[in-house]
Amino acid sequence: MSRVVVLGSGPAGLTAALYLSRANLAPVVYEGFQPGGQLTTTTDVDNFPGFPEGIMGPELMERMKGQCERFGAKFEMDEIVTADLSSRPFKMTTSLGAEIEADALVIATGATARYLGLENELRLRGHGVSACATCDGFFFQGQDVAVVGGGDSAMEEATFLTKFARKVYLIHRRDSFRASKIMQDRALNNERIEVLWNTTVADVKGADAVEGLVLQDTVTGETSELDVTGLFLAIGHIPNTAPFKGQLDLDGEGYISLKVPGTSLTNIEGVFSAGDVHDTNYRQAITAAGSGCKAAMDAERFLEGHE
Ligand code: NAP
């Protein structure tokens, strides 16, 4: 049995593992089947402090992992499928059939950005297709880009992208936005944003990078082409909390509801939350890392009190 298990290997999970290993707690990290998390689907990361020349997403995650291993963290390429959090030690089973127990648990399983599911869209992720304007917008200076979605994220991302892009097409499948009025107005009043209502993306063109989109009108069914070099998806995220439903307090969309906002505490003593699995607001590598640090410190204090 491990004293503490970390679920997830993005910046939140790895920072938690780093702090826990430096506290001599020998954490075991279940890193999932996409080790490194969402950052491994981006290319250059220019907004993580300490890398003035920038760093590639996968390399940043490799370095974080190496730093954890240096202090004794162990890694398993496996993920939790069931969890019994009703009593301690917590009991879990994994995808590969292992049965594990832990006195304390840090959940840093993240949220998966929703993509449209088009073959070429997924192939060109990190090469013009992105689900994070804050991370990748800078690379589209003077270019024409498209944002898909009609919620607050789409408004925010489209507005943010006008700092760099020459033109931002906001593609929405219906004839009205669900975004809050204030965010809509901001986007609609921005002269660099053009809204394409009743429109979906049917295909993404380009061999090694995005060169254009095939659009479809949802009313007439007609198709057309749009010349853009960037495609930003803002159609929501799916929090990875399935094994904890019915045990942990989750909000309406499945994100973990913290017991005390600003900490990592959940409704179950000994279970701590870190990163995007509860954070619907900031969703940055650096905020996730900070959140992982808090979870590790909370877990360490909890374990000290339950020797
Ligand atoms: P959201 O509100 O769920 O909106 C998702 C949008 O994507 C909807 O307009 C939806 O269209 C569209 N969509 C979903 N699946 C699609 C598909 N397969 N093809 C095309 N379009 C699709 O998600 P969100 O904008 O990420 O916001 C999530 C939460 O965070 C919300 O509560 C939001 O208010 C909050 N948030 C707040 C701020 C802020 O206040 N600064 C910023 C960002 C997010 P339909 O409308 O047709 O369903």
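The values are calculated or read from the model by the stated rules, or taken from the named source; none is laboratory data. The structure displayed is predicted, hence computed values, not measured ones. FYI the Cβ positions are ideal-geometry reconstructions off the backbone, even for glycines, and counts take in every protein chain you see. These area figures cover heavy atoms from the full protein model, side chains too; ligands, DNA and RNA do not enter into them. Shrake-Rupley method; radii C 1.70, N 1.55, O 1.52, S 1.80 Å.
Select from the stretch 257-287 the residues that are small (G, A, S) and surrounded by fewer than 19 Cβ atoms within 10 Å (Cβ to Cβ) and write down the one among them that is nearest to D103 (Cα to Cα).
Narrowing the stretch 257-287 to residues small (G, A, S): 257, 262, 264, 270, 273-275, 285.
Pick out the ones that are also surrounded by fewer than 19 Cβ atoms within 10 Å (Cβ to Cβ) and you get 257, 262.
Working: S257: 21, G262: 23 Å.
Restricting to residues being small (G, A, S) and surrounded by fewer than 19 Cβ atoms within 10 Å (Cβ to Cβ), the top hit is S257.
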Wholly within the stretch 1-87, strands (runs of 3 or more DSSP E) carrying at least 3 residues that are hydrophobic (A, V, I, L, M, F, W, C): 2-7, 80-84
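I'd like the full set of residues that are within 14 Å of the ligand (Cβ to nearest atom) and either in a strand (DSSP E or B) or over 20 Å from V214 (Cβ atoms) (or both), limited to the stretch 139-149.
Step one: filter the stretch 139-149 for residues within 14 Å of the ligand (Cβ to nearest atom), giving 146-149.
Residues satisfying the conditions are A146, V147, V148.
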Residue list for the stretch 24-48, filter: of a type in the set (G, A, S) and closer than 12 Å to L14 by Cα: G36, G37
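Picking from G246, G290, G254, which residue would you name as being more than 13 Å from the ligand (Cβ to nearest atom) and either under 26 Å from G36 (Cβ atoms) or open to solvent by less than 50 Å² (accessible area, probe 1.4 Å) (or both)? I'd like the intermediate steps shown before the answer.
Values: G246 fails: either under 26 Å from G36 (Cβ atoms) or open to solvent by less than 50 Å² (accessible area, probe 1.4 Å) (or both); G254 fails: more than 13 Å from the ligand (Cβ to nearest atom).
After applying the criteria, what remains is G290.
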Scan of the stretch 106-125 for residues that are more than 16 Å from the ligand (Cβ to nearest atom), part of a loop (DSSP other than H, G, I, E, B) and open to solvent by less than 20 Å² (accessible area, probe 1.4 Å), ordered by number: A108, L124
Filtered residues of the stretch 16-45 (kept if open to solvent by 30 Å² or more (accessible area, probe 1.4 Å) and of a type in the set (D, E)): D44
Matching residues in the stretch 26-60 - criterion: being farther than 24 Å from A104 by Cα and of a type in the set (A, V, I, L, M, F, W, C): L39, V45, F48, F51, I55, M56, L60
